[in-house]
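Contents: one structure, followed by commentary.
The values are calculated or read from the model by the stated rules, or taken from the named source; none is laboratory data. Being a predicted model, the structure only gives us computed values, none of them experimental. As a convention, Cβ positions derive from the backbone with ideal geometry for all residues, glycine included, and neighbour counts pool all protein chains shown. These accessible areas exclude ligands, DNA and RNA; they are computed on the full protein's heavy atoms, side chains included. Shrake-Rupley method; radii C 1.70, N 1.55, O 1.52, S 1.80 Å.
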Amino acid sequence: MNENNSPYLLNAWYVAALSKELDGQALFKRTLLDTPVVFYRKADNCPVALLDRCPHRFAPLSMGHRDGDDIVCPYHGLKFDCSGKCNHNPHGPGTISPRAIVRSFPLLERYGFIWIWMGSGPADESTLPDYSELVSGHRNSVGYTYMPRPCHYELISDNVMDLSHVDHLHGEIITTRGNLSPMMPNVVESQGEVAVRWEWEQTPPIMIFNDFLPTPGEVARHFVEVTWSAPAHLLLVIGATQDESVDELNYENTTAQYDFHTSTPESKDRTHYFFATRRNHNEEDAEFNEVKLQGMHDAFDFEDGPMLDAVHLQMGTDDFFSLNPIFISSDAGPVRVRKMLKKMIESEREGAETA
Ligand code: FES
Ligand SMILES: [Fe+2]
């Protein structure tokens, strides 16, 4: 696949895996953007990503084994270094074809994730958004999780950009008790980003914060702000306060959490959904951290997930606008995101055609 015919934005950073999924010497495989990839860590712990397909008879290298920092094909034993270049052919005179090269992909390891660049343009570190807040607190104040989902990845961006569904779809742990739907979210579109924000009062406060507020069960002001950037990165900051002197609510001046959602397409019908959450309260409590992460994971897995999977099946296409959907006020954010991403993919394709 290349920029001429890809349905995806290719020159962008996607999350390929949680850092903890790449464990020591083991080979790890995952299909991303319809492309099979094998990952491993070198002896110095740096991650490597290669196309999971030998250029000889196309065996998956992930079925092979490591030889130091090299990888050996399981079928006829060609060996490749971590840049993908064949450095050993055990057959006949051992001649190495100049085409015996496996494609390698640039990686970055940041914020608890392995990020991959699958385009043919130069991997541009400066386009990776800054999510350093995730790793700037106590280790027990942050958690990571992963869910494979049988749905198109843009449905996940739609879902997080339109949090009015929380009023209707979610159970006790994160319900907003009908407060978001009547409101018009504030939507701000800037260079390469779309942000939506709601502010509301709720009694009792949202359950994830209730016990950490001065008077649990009493009214609290809440805010949630979600910022999308391409291709499918969503920073969600949510907080509550009972302090009337607080003016502009933000992560620092409320009881809050800083969440990162991102989805990487496996194909047009399957998605890798990654999630990280950090909080600014009860930061050292390891047990609470685990329970909280599991609660969030379960809300996505048992409430959002089945709905997105069902929507995907009902749509039967990844061309959302072709179905002529009706729109409601809370669609303002997700529709802008879809249009912006569509434009970026089209301009990447046009660039490839004229290059
Ligand atoms: S398929 Fe890899 S060496 Fe033959
Ligand atoms: Fe949800």
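Key figures for this structure:
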| read-out | value |
| --- | --- |
| Percentage, to the nearest whole number, of Cα pairs in the chain over 35 Å apart | 30 |
| The range 13-126: C-alpha pair distances exceeding 24 Å, % | 23 |
| Rounded to 10°, Cα long-axis angle of helix 305-315 versus longest principal axis of the chain | 70 |
| Sequence-separation-based contact order of the range 197-313, relative, with Cα cut under 8 Å and 6+ spacing, percent | 16 |
| Packing-based ranking, highest mean first, of 296-308, 141-153 given that Cβ atoms within 10 Å are counted | 141-153, 296-308 |
| Peptide ranges 207-220, 272-285, 178-191 listed from the most packed, as the mean C-beta count within 10 angstrom indicates | 272-285, 207-220, 178-191 |
| Alpha carbon centroid spacing (whole Å) that separates the range 299-341 from the range 130-177 | 16 |
| Two-site label geometry, residue 267 and residue 2: point separation in nm, points 7 Å out along Cα→Cβ | 2.4 |
| Chain lengthening between residue 97 and residue 313 when straightened (0.36 nm per residue, less Cα-Cα) | 73.2 nm |
| Rounded tilt (10° steps) of 286-299 against the dominant C-alpha axis of the chain | 90 |
| Portion, in percent, of the accessible area of the chain that falls on carbon or sulfur, probe 1.4 Å | 51 |
| Gained length - residue 298 relative to residue 120, 0.36 nm times residue gap less alpha-carbon distance | 60.4 nm |
| Mean separation of Cα contacts under 8 Å (6+ apart) over length of the range 130-348, as relative contact order % | 29 |
| Rg to Rh, two decimals, where the range 198-292 supplies the alpha carbon set and Rh follows Kirkwood | 1.05 |
| Nonlocal Lys pairs with alpha-carbon distance under 30 Å, the chain (8 or more apart, or different chains) | 17 |
| MRE, 222 nm, helices only [DSSP H, n ≥ 4, -39500 (n - 2.57), over the chain, to nearest 500] | -5500 deg cm²/dmol |
| Spin-label pair residue 285/residue 188, simplified geometry with 7 Å Cα→Cβ offset, distance in nm | 3.2 |
| Using alpha-carbon coordinates, inclination of helix 332-354 to the longest axis of the chain, degrees | 20 |
| Ranked packing of 4-10, 223-229, most packed first, by mean Cβ within 10 Å | 223-229, 4-10 |
| Cα-centre dipole for the chain with unit charges at Cβ (Lys and Arg positive, Asp and Glu negative), debye to 20 | 1800 |
| Formal net charge of residues neighbouring residue 155 (Cβ-Cβ distance under 10 Å; K, R +1; D, E -1) | -4 |
| Separation of alpha-carbon centers, the range 39-89 and the range 187-244, rounded to whole Å | 45 |
